[in-house]
Amino acid sequence: MEWLVFILLTLLALALFWRLPGVSAALRWAFLAFLVITVVGAWQWNKGWVAKFKAHQVFHEKLPSEGGPHGYVSSDTCHSCHPDQYESWHASYHRTMTQYVEKENVMADFEKVSSSYYGRPVEIEWDNGELWATMDDPKWLYATPIETLKTSNHPPLSTRKRLGLMTGSHHMQVYWMSSGHGNSQDIFPLCYLKEEQRWVPFKDTFLRDPAMSHYDQKWNGNCIECHVTVGQPRPVSPLATKTKSAELGIACEACHGPGERHVRMNKNPARRYKLHQSEESDPTIVDPQDLDHERSSMVCGQCHGIHWISDSKDYYLNGIKFRPGGLLNQNKKPVRAAHLDEQPWLKASLKANPRFLRDRYWSDGMVRVGGRDYTAMVESPCYLKGELSCLSCHQMHHPQPGSKEMDLWLDDQVKSGMDSNEACLQCHEGMRDNLSEHTHHTANSTGSSCYNCHMPHTTYGLLKGIRSHQIDAPSIKVNLETGRPNACNLCHLDQTIEWSAEYLEKWYGQPKPVLNLENRNIAASVLWLLKGDAGLRALTAWHYGWKDAQEASGVSWQVPILARLLEDPYSAVRFITARSLRSYTGLEDLDFDFLDEASSWKTSVEKALVAWETTQKAQNQILEPQRVLFKSSTEFDEQLIRAMLSKRVNRSMDLQE
C-alpha cells in the first residue's frame, strides 16, 4: 500500500512539473531522470530493509518469547504508577538476569575479540549491532572430549553462530545460541568473567570435576526455572521447544503476582484515593511485606531454593504453579535434605540420581551451594521457632533510587544497617548490652560479629565463599561428622581443632570430642586446605584471602601452604587460590593464569615461594610453627606438606550452585 501511494505521488509530481509553463525540455527530462533514480533507490533501500527486518523477525522467532500467561501485564505497565519502585528494580541484577543480546547490555567492551576453548579458536564480534561467534560446529565440539580438543587437527572456525540470549550481569555473563530446533537455546562454550574481564570456558567458572566433559546445557530446561518470570519450557518435540515467559529476568510480577486485575481495578481514581487514605493493603496485588514470614519467604524461595519437579509434564508445559501469596508445595517442591523421611516422593528419584544430594548439601543436610538461601534459612531456629524471613534483612526496593546508597545496596540488596549485628539484635535485643559476655571477644571486633559465628562462609558459589543462611552455632562434633569447617577455625586459620574445642567447652559447655593426633597438633585450616575435598579446599583458600581471617591469624606464614593449590586439578580452586595469594604483600602482581596447562603450575608455585621468602619470611613470628607445617619460624616443612597433599580427598565433585 505504501509503495502504491509513493508511486502515485511521484507520477503526480511528474505530471505537475511537466505542465509547468516555461520549463525547458532538458529540465523536464532531467527531472524525470531524478524521479526514476529516486524510485529505484527507494525500491532497493526498501528491499534491503524488508530483508533485514524479515531476518530479524526469523531470528527472534528462534528466541524464547515474552508474554503471558493469563493475567501478566509486564513491568512496563507498573512504571507509570510506581516510578520509584520501578527505578530501583530496573537498576537491580534481578532485572538483568536474562536479556536479549543488545550492545548496551553486554558486559564486555569490544568490537572483535579472539579467544579459545580448550585449544579451539573462537572469534566473537559485533556486526551491524548483532553479536556473532565464529567457532567449531557446536555438535562436534560438545561431542568431542576436552583432552581430544586440545590436540585436534579438525578444521577450525567452521561455523558462524549468532548469540541472541544472555544470562547474568553481576559476576559473569553467559551466552546462548539457537539450536535450530524451535526456540531451544544451546550454551555458548565461553562466558565473560567480570572480575577477570576476559572470556573463559563456562565449565571453568564452576567447581566441577576436571574429568567431566562439557557443560552442554539447554537454557529452556535449566536456567528458565529461576532466571525469568513464570517460565514455560513448552517442548513440542524431543528436540524443539516453543518456550515463553511472562518476562525475561526477575520482574515485578515474579514477586507481586499477576498484575492485570490490579491495573484494571486501579483505573478508577476514586478507588486509588480511598486506598491511599486507608492503611489497608490492596487485595488485587500481593505485597510480600504483608505476608506472614513463611509465605513471604516462599516468594524468594521459588528461585532461591533447591527443588524437585514433582509433575514434570505439567511443569514443562505450563511452568511453575506457585504464585506469590500461595504455598510453594505444588509442582516445584523444596527439598529438605535433613528431613527426607517426610518427603517419600523423593525416594525413587534420589536413588536414580545418587549425586543429587552430595552435589548440593553437606552430609547433615545443610546447604553447601550458593543461590539456595531459602532452603538453608528454613532450617534455622529463628525461622522454625520465630518469624525470621528473607525480608528481615533484605529489601527488594531501595528507598532512595539513584543515590550512592542504592549503588552499594545493589550487591546483595541488604537493608540499611542489616549488614551488621543489628540484623540479629532486632530480635535478640537482650544481647546488645552484654555482647562481649556472650562472644568472649571485644565488642567491636570481628569475633563479636554475629554473622561470623552463626552464618560463616561455609557455602560455595560464584568462585567464592558465601555466608550460610542456615543459622547455627559452632560445633566441633558437627565439624568432625560432616567435614564442614567450624566458624572458629575459619577465622583462626593458625589454630587447631583442639584449640577451638577447648574454648567451646570452656565458654559454652560443649563437650570436647575425642580427637586424633592431627586435630590436636596441626591447624585445622591447613588440614582442610591440603587434605580436604575440592569444595572444602575452595572454601579454605577463599578464607586465606579474607580480611577478617588475616587479622585474626597474621599474614606471614600462609603463602608456602596456600601456594600448593596453584597446582590443584580443579580450575575453580586454582582461581580462588591465585586471588587470595594476591592479597599478600609481594604477591599483588602474581603472574598466574588459572586456565594455563598443568606444565606451568609448578613454576608458578616456585615464584610464589620466592616472593614469600623475599617479603614475608623474615616477618614470620608464629609462636608454634609446627602447627602450620613449619620446622621453624623461617623454614617450612616441605616433606610434611607433600605428605599431607598425598592424602587429599579426591572424590568427584560437581557443586550445583
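Based on the convex hull around the alpha carbon atoms, the stretch 498-657 presents an average projected area of 10.5 nm². Each peptide in 233-239, 396-402 receives the mean, over its residues, of other Cβ atoms within 10 Å, and ordering these scores from highest gives 396-402, 233-239. Summarising the label geometry, the points placed 7 Å from Cα in the beta-carbon direction at Asp654 and Asp76 lie 4.0 nm from one another. Rounded to the nearest 20 debye, the dipole magnitude of the chain is 2060 debye, with +1 charges on Lys and Arg beta carbons, -1 on Asp and Glu beta carbons, and the Cα centre as origin.
The coefficient of translational diffusion for the stretch 485-590, derived via Stokes-Einstein from the alpha carbon Kirkwood radius under 10 °C and 1.306 mPa s, stands at 112 µm²/s.
The gain in end-to-end length when the Glu429 to Thr148 segment is fully stretched comes to 95.0 nm, 0.36 nm per residue minus the alpha carbon separation.
Dividing the convex hull volume of the alpha carbon atoms of the stretch 542-613 by its residue count, what do you get in Å³ per residue? Kindly include the intermediate steps, with their values, before the conclusion.
Numbers: hull volume 5.1 nm³, N = 72.
With only Cα atoms used, the stretch 542-613 gives 70 Å³ per residue.
Here's the list of lysines a cross-link from Lys139 could span, going by alpha-carbon distance under 17 Å and ignoring same-chain residues fewer than 8 apart: Lys150, Lys161, Lys203, Lys218.
A convex hull fitted around the alpha carbon atoms of the stretch 239-288 yields 98 Å³ per residue. Highest-first packing order for the peptide set 540-547, 145-152 is 540-547, 145-152, based on the mean count of other beta carbon atoms within 10 Å. Residue separation of Ser436 and Thr38 scaled by 0.36 nm, minus their Cα-Cα distance, works out to 134.8 nm of gained length.
Across the alpha-carbon atoms of the chain, the computed radius of gyration and Dmax are 30.1, 115 angstrom. Distance from the Cα centroid of the stretch 571-649 to that of the stretch 378-431 is 38 Å (rounded to whole angstrom). Please give the calculated 222 nm ellipticity per residue for the chain, where each DSSP H segment of at least 4 residues contributes -39500 (n - 2.57) and the sum is spread over every residue; nearest 500 deg cm²/dmol? The helix contribution divided over the chain gives -10000 deg cm²/dmol. Approximating the spin labels as points 7 Å out from Cα along Cα→Cβ, the Gln621-to-Glu422 distance works out to 3.8 nm.
For the chain, give the percent of accessible area contributed by carbon and sulfur heavy atoms, probe 1.4 Å, rounded to a whole number. Taking all protein chains in place, the chain shows 55 percent carbon and sulfur surface. Comparing Cα centroids, the stretch 84-155 and the stretch 466-525 end up 43 angstrom apart.
Return the inverse of the average 1/r over all pairs of distinct C-alpha atoms in the stretch 501-541, which is the Kirkwood hydrodynamic radius, in Å to one decimal. Don't skip to the end; give the middle numbers.
Values: mean 1/r = 0.0870 Å⁻¹.
Over the stretch 501-541, the inverse of the mean reciprocal pair distance is 11.5 Å.
The radius of gyration of the Cα set in the stretch 150-211, together with its Dmax, comes out at 13.5, 37 angstrom.
For the chain, with every protein chain kept in place, what is the accessible area per residue (1.4 Å probe, Å²)? Let's see the in-between values first.
Working: 32540 Å² over 657 residues.
Value for the chain: 50 Å² per residue.
In terms of overall dimensions, the stretch 182-321 has a Cα radius of gyration and Dmax of 19.9, 66 angstrom.
When only Cα pairs below 8 angstrom with a gap of at least 6 residues are kept, the chain shows a relative contact order of 10 percent. Solvent exposure of Lys194, expressed as accessible area, is near 90 Å², computed with a probe of 1.4 Å over the protein chains only. In the calculated pair-distance distribution of the stretch 90-167, the portion above 17 angstrom amounts to 52 percent of the Cα-Cα pairs.
Stretching the chain fully between Thr634 and Asn318 yields a gain of 107.3 nm (0.36 nm per residue, less the alpha carbon separation).
Projected over all directions and averaged, the alpha-carbon convex hull of the stretch 46-191 occupies 11.9 nm².
Derived from the Cα gyration tensor, the three semi-axes of the equivalent ellipsoid of the stretch 604-644 are 17, 15, 6 Å, largest first.
Over the alpha-carbon set of the stretch 419-548, divide Rg by the Kirkwood Rh and report the Rg/Rh ratio to two decimals.
Working: Rg = 14.6 Å, Rh = 15.3 Å.
Rounded to two decimals, Rg over Rh is 0.96.
When each of the peptides 336-342, 632-638 is scored by the mean number of other C-beta atoms lying within 10 Å of its residues, the order from highest to lowest reads 632-638, 336-342.
At q = 0.33 Å⁻¹ the log10 of I(q)/I(0) for the stretch 472-516 amounts to -1.46, computed by Debye summation with a single uniform scatterer per C-alpha, solvent ignored. In this label model, Leu350 and Ser24 are separated by 9.7 nm, measuring between points 7 Å along each Cα→Cβ vector.
Regarding the stretch 399-459, what's the average projected area of the Cα-atom convex hull, expressed in nm²? Please report the intermediate quantities before stating the final value.
Values: hull surface 21.0 nm².
Reported value for the Cα convex hull: 5.3 nm².
The values are calculated or read from the model by the stated rules, or taken from the named source; none is laboratory data. Owing to the predicted nature of the structure, the values given are computational and were not obtained by experimental measurement. Backbone-built Cβ (ideal geometry, glycine too); neighbour counts: all protein chains shown. Side chains included, ligands, DNA and RNA excluded: accessible areas come from the protein's heavy atoms. Shrake-Rupley method; radii C 1.70, N 1.55, O 1.52, S 1.80 Å.
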